[in-house]
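The values are calculated or read from the model by the stated rules, or taken from the named source; none is laboratory data. Note that the coordinates shown come from a computational prediction; the quantities given were computed from them, not determined experimentally. As a convention, Cβ positions derive from the backbone with ideal geometry for all residues, glycine included, and neighbour counts pool all protein chains shown.
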Amino acid sequence: MVNYPRWAIAFTLIICVWGIVFASSNFLRESSQFLPDSKVRLGLDLQGGAHLLLEVEVDEVVKATLESIESLARRELRRRKPRIKYTGGIRTEGNTVVIRGINPGDLETALERLNTIDRDLVVTNVDNSILMKFTKEALLARRQRAIEQSIEVVRRRVDETGVSEPTIQQQGSKRIIVQMPGIEDPERIKKLLGQTAKLNFHMVNEEADVSVAIRTGVVPPSSKLIYEENAGQNIPYIVYREVVVNGERLVDAQATFQDGQPIVSFRFDAQGGQTFGRVTTENVNKRLAIVLDGKVVSAPNIQTPIMGGSGIITGRFTVQETVDLALVLRAGALPAPLIILEERTVGPGLGADSIAAGKLASLVGFIAVVVFMVASYGLFGFMAAIALVFNLILIMALLSVLGATLTLPGIAGIVLTIGMAVDANVLILERIKEEVRNGRSPISAIDSGYRRALTTIIDSNLTTLIAALLLFNFGTGPIKGFAVTLSMGIVSSMFTAIMLTRFLIVIWLRQKRPSKLPI
Amino acid sequence: MRLLTLIPTNTKIDFVGKRPFAFGLSILLILISIGAFLVQGLNLGIDFRGGVLIEVETNGPANIEKLRDVLGNLGLGEVQVQEFGNPNDVLIRVQQQDGGEKAQQDAVIAIKEALGDSAKEYRRTESVGPTVGTELIRAAVLAVSLALGAILIYIWIRFEWQFGVGAIIALSHDVLTTVGLFAVTQLEFNLATVAAVLTIAGYSINDTVVIYDRVREELRRYKKLSIPDLLNLSINRTLSRTFLTSVTTLIALVALATLGGPIIRDFSYAMIWGVLIGTYSSIFVAVPALLVFKLSRESFSSSNSGSEGEIKS
């Protein structure tokens, strides 16, 4: 026992020094150039902030893609000469676009043309019908791309609002986690993220009669019926399906004023500007509908051709609405709608309160445990208390180095560790006591106390560690935060009990050579 | 210096002999737990049930009655309003909204609008939609079952099968009665509670393993002692440690419960109960269970004879 091997001494000291070095920056007000700048990352529940779990409605992407395939197919068959007739219509059924009733003589040409639409499409025919379907891989790839694009757009929108250091990452196959430290009231951001912001310009079909369309439900095939929401009323419009220009061509959008009214001004890229110029030249004195997410924002009359690639969106906006509209237009449209599955927001007051409460509980718990240990075991209890201090230092160091996040349940884990960490020491000390009672000399009592307690310590700590690691792996939110500190606490308490207190006892033995143990 | 001695040395308490009483008590506790669970059910938090929770600090002491009236008329179904910690702090709970995730978000907006200027700071806003709630339940059940399973396997490998079965019985006893505690008291059962239940499991198993280790050791040392005497001896010899560790853990937990703030208070209560029940079950359930399952020296030494060499005393 007195021959505590050199390597073990070195190892113990190295770990302790490492712990002090890496935990220290957490206790300094300013960062020091001599110490690693690693700090424990606080969870949103402690520093305050908003956590949002979003789901990308990827099925909408697939649906939209199939819709566009439908209209492309229609064009391929009808517009190119010779026109191919189909009597059964074009419909989307599940994930397949079906064209029915094609003249057998035209089948081959039809297949040939439809095959040019998209190389990920599998085009087959059953009797006189043609089936167009995406391969599984292509569907998957499209979904993943939609998620990635969504993350990009979410990031841009969040960045534009000026949130500092947001974390935005994918979770699972179609979810996005957005964490925004310091955000107390995320309603505006939620509203921004809730908009798809697909901007399209359509010409209004002036020839169609809106009232007839509403009454009969019949709209010319080239057109569609959409509405403008205005002070609780819906104003109907019939617009051509064809998109004149879309929001993807926008390079900038700004909130501004015209005649005292808040409006959004925008600028197209070169190609968008050209198209816009041509269309407005061809359609002077006709109305151009500005459509955002399937709703008409406004449908102004084109008074003069708009050259130069910039324009304005007027409407019944508040200033905040123009600011937000300009923001989402700048950041780009989401490929699919987002829904908010979960929100957890903690205000700065509660976060600070939680930290203060956690600190106080840790401190009081720590002092009480130390007093109790010293009262029960005297000098050895004091050594166990030193081990406990290092235990906490090592947990802080591990948290800092591994970049783990400390949450409120995590603090609970630390406090629990304070209570449980002394267990290993208690096991050893009780064993030593027993050996002393059996009449052993101090050195031999300590030696066999350690040896006998060791298997028990390993068995009991490993079982708890197993539970903690499983919690970490399969748990979510608070469970995870708790498991992090609990498992770190178990590992460091095993180290401090087996290596550190032993080291302290060895030094004491060598110095004093006691004939009787104070236990 | 005179040291504090809470447990006298060389106690000779007949723990195992009290097992009819202990088993009766445990069965009663479990029956109460299951009964309360079936009759009253758990007071599930929004983590599992879905819904909205808003903690708001008001300008000046809150008029709970008035708030209840205003929020109750928003058409959001069941709305609970209660004081939280101090008179300026109000906790609002709204049930899961029909109409999916969107309705849930609209409810948050409606409440915040209704509160208007009376809100000084939104201390906490949690909204969990129906999808996530179901998933969280599944994840929690999975985590608990896996943890229990893994512990069982570990003990099975390290000890004899009787130990594994005894440990799992003690563990299930603790988990059941803790869930029962939540059913009886109607304290909120949420994700943090699941973490508490699992830690209780960890603590309880830790405690059990310490005594089991001692049983194994004494089995090898005392070849003549009857099994009940040997079990009693093992419990008595570890009693001081069992007690001390429980006390230090309880000290820390009481600090957490009284000073750790309202959010983790329920969690701390669960843990305190868990330490008490875990300590009880290690002594009065886990060890006597070895007798019930007929632990014998033969079954033990036959498979562990290889390690006999290291236990010279």
So, B:Ile169, is that one surrounded by fewer than 22 Cβ atoms within 10 Å (Cβ to Cβ) and touching a residue at least 12 places away in the same chain (Cβ under 8 Å) or not? yes
Before we move on, is B:Leu44 touching a residue at least 60 places away in the same chain (Cβ under 8 Å), touching a strand residue (DSSP E or B) at 6+ places or on another chain (Cβ under 7 Å) and farther than 24 Å from A:Gly49 by Cβ? yes
Just give me the residues in region B:223-253 being facing chain A (nearest Cβ under 9 Å) and of a type in the set (Lys, Arg), in sequence order. B:Arg237, B:Arg241
Exactly one of these conditions fails for A:Arg215: (1) within 40 Å of the chain's Cα centre (by Cα); (2) at pLDDT 85 or above. Give me its number. (1)
Return a yes/no flag: does region A:443-454 have any residue that is at the interface with chain B (Cβ under 8 Å from one of its Cβ atoms) and part of a helix (DSSP H, G or I). yes
So, in region A:227-264, how many residues would count as being modelled with pLDDT of 90 or more, of a type in the set (A, V, I, L, M, F, W, C) and surrounded by fewer than 18 Cβ atoms within 10 Å (Cβ to Cβ)? 1
Restricting region A:56-66 to residues that are in contact with a strand residue (DSSP E or B) (Cβ under 7 Å, 6 or more places away or on another chain) and surrounded by fewer than 22 Cβ atoms within 10 Å (Cβ to Cβ), which is farthest from A:Val158 (Cα to Cα)? A:Leu66
Just one listed residue, out of B:Ala183, B:Ala147, is within 9 Å of chain A (Cβ to nearest Cβ) and either part of a strand (DSSP E or B) or over 24 Å from A:Leu44 (Cα atoms) (or both), and it is B:Ala147
Residue pairs within 8 Å by beta carbon, gap of at least six or interchain, first lying in region B:140-165 and in the same structural domain as B:Phe293 (by TED's automatic domain parsing), second assigned to a loop (DSSP other than H, G, I, E, B) and of a type in the set (Lys, Arg), listed first then second, are B:Gln162/B:Lys294
Could you say which residue among A:Ala483, A:Ala467 is buried (at least 24 other Cβ atoms within 10 Å of the Cβ), free of Cβ contacts under 8 Å to residues at least 12 places away in the same chain and either in a helix (DSSP H, G or I) or under 31 Å from the mean Cα position of the chain (by Cα) (or both)? A:Ala467
Note on region B:186-199: residues within 9 Å of another protein chain (Cβ to nearest Cβ), within 17 Å of B:Phe37 (Cβ to Cβ) and assigned to a helix (DSSP H, G or I) are B:Val194, B:Ala196
Is region B:70-81 home to any residue that is of a type outside the set (A, V, I, L, M), within 20 Å of A:Thr345 (Cα to Cα) and not assigned by TED's automatic domain parsing to the domain that holds B:Val175? yes
Look at region A:92-119 and say how many of its residues are exposed (fewer than 14 other Cβ atoms within 10 Å of the Cβ) and without any contact (Cβ under 8 Å) to a residue 12 or more places away in the chain. 6
Matching residues in region B:30-79 (over 21 Å from A:Leu341 (Cβ atoms), away from chain A (no Cβ under 14 Å) and not in a strand (DSSP E or B)) number 30
Conditions (1) more than 14 Å from chain B (Cβ to nearest Cβ); (2) at pLDDT below 90; (3) within 34 Å of the chain's Cα centre (by Cα) -> A:Glu207 fails only (3)
When you scan region B:100-117, how many residues do you find that are of a type in the set (Asp, Glu) and at the interface with chain A (Cβ under 8 Å from one of its Cβ atoms)? 1
At least 1 residues that are at positive phi in each: list the strands (runs of 3 or more DSSP E) lying fully within region A:25-131 that qualify. A:49-56
If A:Arg440 passes every condition in (1) within 36 Å of the chain's Cα centre (by Cα); (2) not in a helix (DSSP H, G or I) but one, which one does it miss? (1)
Residues A:Leu462, A:Leu429, A:Leu399, A:Leu392: which one is assigned to a helix (DSSP H, G or I), out of contact with any Lys or Arg (no Cβ under 7 Å at 6 or more places or on another chain), surrounded by fewer than 24 Cβ atoms within 10 Å (Cβ to Cβ) and more than 8 Å from chain B (Cβ to nearest Cβ)? A:Leu392
Of (1) in contact with a Gly (Cβ under 6 Å, 6 or more places away or on another chain); (2) over 30 Å from A:Ala357 (Cα atoms); (3) of a type in the set (Gly, Ala, Ser), A:Gly89 satisfies every one except (1)
Whether any residue in region A:352-366 is within 23 Å of the chain's Cα centre (by Cα), crowded, with 22+ Cβ neighbours inside 10 Å and of a type in the set (A, V, I, L, M) is what I want to check. no
Between B:Gly129, B:Gly164, B:Gly202, which is at the interface with another protein chain (Cβ under 7 Å from one of its Cβ atoms) and more than 26 Å from A:Met180 (Cβ to Cβ)? B:Gly202
Matching entry among B:Gly116, B:Gly129, B:Gly100 (being under 25 Å from A:Leu46 (Cα atoms) and out of contact with any Ser or Thr (no Cβ under 8 Å at 6 or more places or on another chain)): B:Gly129
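Please state which one of B:Asp174, B:Asp213 is more than 11 Å from chain A (Cβ to nearest Cβ), part of a helix (DSSP H, G or I) and in contact with a helix residue (DSSP H, G or I) (Cβ under 7 Å, 6 or more places away or on another chain). Full working, then the answer.
Details: B:Asp213 fails: more than 11 Å from chain A (Cβ to nearest Cβ).
Only one candidate qualifies: B:Asp174.
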Looking only at residues in region B:254-265 that are within 18 Å of B:Tyr203 (Cα to Cα) and either more than 7 Å from every other protein chain (Cβ to nearest Cβ) or among the aromatic types (Phe, Trp, Tyr) (or both), which one is surrounded by the most Cβ atoms within 10 Å (Cβ to Cβ)? B:Ala257
Checked pairs for region A:434-460, first outside the structural domain of A:Leu379 (by TED's automatic domain parsing), second hydroxyl-bearing (Ser, Thr, Tyr), C-beta under 8 Å and 6 or more apart or across chains, list as none
Region A:276-314, subset part of a loop (DSSP other than H, G, I, E, B) and among the β-branched types (Val, Ile, Thr), residue surrounded by the fewest Cβ atoms within 10 Å (Cβ to Cβ): A:Thr304
